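Supplied in structure tokens, the structure appears directly below.
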Amino acid sequence: MGFVSFLLLVICMLIAVAFVTLLERKVLSYIQLRKGPNKVGMMGLLQPFSDGIKLFFKEQTHPYMSNYMMYFMVPIFMLILSISMWTLFPYVINVITFSLGILFFMCCSGMNVYGIMLSGWSSNSNYALLGSLRAVAQTISYEVSMSLLLVNLLILVFSFNLVDFMLYQQYIWFMFLSFPLFLCWFSSCLAETNRSPFDFAEGESELVSGFNVEYSSGGFAYIFLSEYMNIIFMSLLTVVLFMGCNLYSFTFYIKVSLMVFLFIWVRGTLPRFRYDKLMYMTWKVFLPLSLNYMLFFPTVLVYFML
């Protein structure tokens, strides 16, 4: 049952990724006062499948001076990492139970750095290497603040299991208890997934397409899939941690969709940050705030216990 349920989850997730790309193109087009994809199928609904078929049937090229094996293996590694994170989906009926889910998430999100770094390095291209170096510096910086934000929530729950977050938020969401933490967490999610306004790894104006500039066909499709899987998973995790996730209710999936929409809305609205300001924000704003909350939450808990 566990294998079947996870297989079903992966299939549904891949379909979700396809339609999130369509949603992004539609939302961005309406922000920019144009129509977006509207030719393939009704209202462009079949556009994601058309794009997928086109990508996988294109010619696979590789740079002559690249590290051949690593260049081909890294996109598959990134995809496997993104899929493995979805084992944390909080099944209430315990088809798969994961008592150390938050630790597993932190390990997987830390490993994502290696995929970006190796894809840029193995391409043997200056643009790709610069993009991967930026992404590594950015992701490592935000790993620190993200870990401390998670520790603050763990102080409230005293458990690494995501199902416990659902049980503890039956009466009040953690977002209302710590709204500044939620804002910091959302900004960290944007930086962690290399999304605008923190998309320095893919700065088109400076680095053509960043770390994936030399990839084409299936390799590019795998990187693309892993990126959007991470976006959907971070949206799901945000809902689980801050917005009270009753998996049996339809509102849970509406909240996840709204979080994905927020990722897209930010991309269509905000210009790209300056790189030094990004680093300044994580070390001078997010880190002190999360450390202060780490002092505040235990104090409040001890006060109420006494």
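When you scan the range 96-116, do you find a residue that is over 19 Å from the mean Cα position of the chain (by Cα) and more than 19 Å from Phe160 (Cβ to Cβ), even just one? Break it down stepwise before answering.
As a first pass, look at the range 96-116 and keep what is over 19 Å from the mean Cα position of the chain (by Cα): 96-100.
After this cut, where a residue has to be more than 19 Å from Phe160 (Cβ to Cβ) as well, the list is none.
Checked the range 96-116: no residue is over 19 Å from the mean Cα position of the chain (by Cα) and more than 19 Å from Phe160 (Cβ to Cβ).
Also, quick follow-up: Provide a single number: the residues in the range 276-306 that are closer than 30 Å to Tyr30 by Cβ and surrounded by fewer than 16 Cβ atoms within 10 Å (Cβ to Cβ).
1
Can you pull out the residues in the range 159-185 that are under 16 Å from Gly244 (Cα atoms), in contact (Cβ under 8 Å) with a residue 40 or more places away in the chain and part of a helix (DSSP H, G or I)?
Answer for the range 159-185, where residues must be under 16 Å from Gly244 (Cα atoms), in contact (Cβ under 8 Å) with a residue 40 or more places away in the chain and part of a helix (DSSP H, G or I): Leu162, Val163, Phe165, Met166, Phe174, Met175, Leu181, Phe182, Trp185.
Looking at the range 241-264, is at least one residue surrounded by fewer than 23 Cβ atoms within 10 Å (Cβ to Cβ), modelled with pLDDT under 85 and of a type in the set (A, V, I, L, M)?
yes
For Asn126, only one of the following conditions fails: (1) crowded, with 17+ Cβ neighbours inside 10 Å; (2) modelled with pLDDT under 80. What is its number?
In the conditions (1) crowded, with 17+ Cβ neighbours inside 10 Å; (2) modelled with pLDDT under 80, Asn126 misses (1) alone.
Would you call Phe3 of a type in the set (Phe, Trp, Tyr), out of contact with any Asp or Glu (no Cβ under 6 Å at 6 or more places or on another chain) and modelled with pLDDT of 80 or more? Step through it out loud before you land on a result.
Values: of a type in the set (Phe, Trp, Tyr): yes; out of contact with any Asp or Glu (no Cβ under 6 Å at 6 or more places or on another chain): yes; modelled with pLDDT of 80 or more: no.
For Phe3, the condition - of a type in the set (Phe, Trp, Tyr), out of contact with any Asp or Glu (no Cβ under 6 Å at 6 or more places or on another chain) and modelled with pLDDT of 80 or more - is not met.
Ok, one more. Kindly list the number of the only condition in (1) at pLDDT below 80; (2) closer than 18 Å to Tyr114 by Cα; (3) under 19 Å from the mean Cα position of the chain (by Cα) that fails for Val144.
Among (1) at pLDDT below 80; (2) closer than 18 Å to Tyr114 by Cα; (3) under 19 Å from the mean Cα position of the chain (by Cα), Val144 violates only (1).
Filter the range 16-45 down to the residues that are over 27 Å from Ile83 (Cβ atoms) and aromatic (Phe, Trp, Tyr) and list them by number.
Hit for the range 16-45 is Tyr30, nothing else.
So which helices (runs of 4 or more DSSP H) are wholly in the range 205-281 and hold at least 3 residues that are under 17 Å from the mean Cα position of the chain (by Cα) and more than 20 Å from Tyr142 (Cα to Cα)? Spell out the reasoning first.
Numbers: elements: 217-242, 250-269, 275-281.
Result: 217-242, 250-269.
Sticking with this structure for a sec: Among the numbered criteria (1) without any contact (Cβ under 8 Å) to a residue 60 or more places away in the chain; (2) in contact with a helix residue (DSSP H, G or I) (Cβ under 7 Å, 6 or more places away or on another chain), which single criterion is violated by Val300?
Just one mismatch for Val300, condition (2).
Also: Checking the structure you have, find out if any residue of the range 36-51 is more than 30 Å from Leu270 (Cβ to Cβ) and at pLDDT 85 or above. Break it down into steps so the answer makes sense when it comes.
Taking the range 36-51 and keeping what is more than 30 Å from Leu270 (Cβ to Cβ), we get 41-42, 46, 49.
Filter once more, so that each one left must be at pLDDT 85 or above: 46, 49.
Yes, the conditions are met somewhere in the range 36-51.
The values are calculated or read from the model by the stated rules, or taken from the named source; none is laboratory data. From a predicted model like this one, the values you see are computed outputs, not experimental measurements. We place every Cβ from the backbone using ideal geometry, glycine too, and count neighbours over all the protein chains shown.
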